[in-house]
Amino acid sequence: GESAVSPEPALPHSDNHWSESERFSAYKFRFITDDPGGKYTGRSGVSLSVTGLKIEVSDTQGGGKQLNCSSTCTLTNPTYIWYRNEQPVSEQNRAVLYLRDRTVDAGSYSCAVKGHEEIRSAAVCVFEGLQVKVEGAAAAPAEGQTVTLTCSSTCSSQSYSNYIWYRNGQPVSECRSSSCSVAVFSGEISYSCAVEGRDLRYATVYSPKDTRAVILPSRERKEGDSVTLTCSSEAGPPVLTFNWFKQRPAADESLGTGQNYSITNISSQQSGLYYCTALNQLGQHSSAPARLDVFYPPRPPSLSEFNGFNGSITLVCVSDSNPASSYTWFRKTGSSSEPFRNGSNLTLAAGTAGVFHCLAENRYGSSNSSELLFTSGV
């Protein structure tokens with residue numbers, strides 16, 4: 001009659017589902033014929049022992065995790081290799097792996113024995129959270145351009161079907177899958193994702209915010225000095241480009257790109273308000289303007305005359321300087337000049353005559369006007 005050969009018990013389909021009793025069992029062959037009494041099972045059988053690697057996870061002080069890789073094989077001084085999300089963990093060749101940072105260390109971990117890297121343990125997920133990647137954006141995306149956000153677990157071995165997306169904390173009804181298409185925005189905006197029914201750490205991406213322009217050094221700057229304008233901003237993903245501008249009455253002047261902008265040998269013409277913009281794949285944000293004050297000594301003063309009451313004349317002395325100048329009028333007497341009045345304006349009564357000039361001075365220097373021969377009418 002016919003015969004059939006089958007193992008007893010039946011072999012499991014996957015090594016991942018073997019019970020401890022199945023890993024160490026005797027397997028026998030049974031012969032069955034078409035005769036009801038024609039059945040025979042071998043006596044001695046074949047002993048089958050399945051060996052492999054497994055990871056045990058335990059808690060440590062401070063909220064960390066300890067991973068222990070072990071094998072049912074007897075190994076002599078084995079060197080272990082650890083993998084995080086399928087990538088080797090550098091400089092970790094012991095059976096025990098300690099993890100402490102819930103953000104940096106999050107991922108799927110497996111282990112293998114050096115020389116047998118093709119045989120790895122089943123992966124365990126540690127510190128699972130969510131992460132968002134921004135795709136499809138140019139190096140300098142324009143406002144209104146579309147980018148794609150993709151939400152995934154920090155553990156490569158985990159995947160989900162139903163996601164919830166938020167824009168500035170409010171649900172985005174049109175996005176329910178792991179991907180969401182959004183437009184680049186000018187201003188502050190943030191996106192985060194979650195998984196329905198799972199209490200996982202939210203992942204958030206956001207356009208630049210808290211953008212700030214600073215001028216260094218912070219001390220007074222005088223003509224001839226050098227200064228550096230520095231832009232800082234918080235953004236996730238990180239800032240791609242910083243741009244610098246100087247405010248002008250008609251249209252702001254574009255100065256250049258880069259987190260730092262340097263000006264050497266500064267002059268008074270470079271005084272003014274400067275600001276920066278920070279740009280990433282989700283949008284841009286501008287800083288408040290920072291004022292650059294360039295200090296310099298008085299320029300040669302100019303003199304003006306104005307007719308007053310009763311035949312008097314007022315002389316006005318003006319000099320361009322920073323900080324503002326103080327003024328002293330001098331009257332020439334013989335070969336020398338003596339201080340005559342303080343202040344930028346000098347009023348002379350009718351009948352006054354003489355040679356006058358003014359001195360403008362601040363803490364960076366001084367400058368004299370030209371002499372004025374003056375005779376007021378009677």
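The values are calculated or read from the model by the stated rules, or taken from the named source; none is laboratory data. Worth saying up front: this structure is predicted, and the values here are computed from it rather than measured. With ideal geometry, Cβ positions are generated from the backbone for all residues, glycine too; neighbour counts draw on all protein chains shown.
Odds and ends about this structure:
- Residue 254 being out of contact with any His (no Cβ under 9 Å at 6 or more places or on another chain), at pLDDT 95 or above and within 13 Å of residue 274 (Cα to Cα): yes
- Segments classed as strands (runs of 3 or more DSSP E), wholly inside region 133-212, with at least 1 members that are within 30 Å of residue 276 (Cα to Cα) and of a type in the set (Lys, Arg): 163-167
- Any chance residue 331 is touching a Pro at 6+ places or on another chain (Cβ under 9 Å), free of Cβ contacts under 8 Å to residues at least 40 places away in the same chain and among the basic types (Lys, Arg): yes
- Test: residue in region 288-309 that is closer than 30 Å to residue 147 by Cβ and not in a strand (DSSP E or B): yes
- Which listed residue, of 337, 367, 319, 344, is over 14 Å from residue 304 (Cβ atoms), modelled with pLDDT of 95 or more and out of contact with any helix residue (DSSP H, G or I) (no Cβ under 9 Å at 6 or more places or on another chain): 367
- Taking the numbered list (1) out of contact with any Lys or Arg (no Cβ under 8 Å at 6 or more places or on another chain); (2) at pLDDT 90 or above in turn, residue 152 passes all entries but (1).
- The numbered conditions (1) in contact with a Gly (Cβ under 7 Å, 6 or more places away or on another chain); (2) without any contact (Cβ under 8 Å) to a residue 12 or more places away in the chain are all true for residue 189 except (2).
- Set 221, 167: member being under 30 Å from residue 321 (Cα atoms) and surrounded by 14 or more Cβ atoms within 10 Å (Cβ to Cβ): 221
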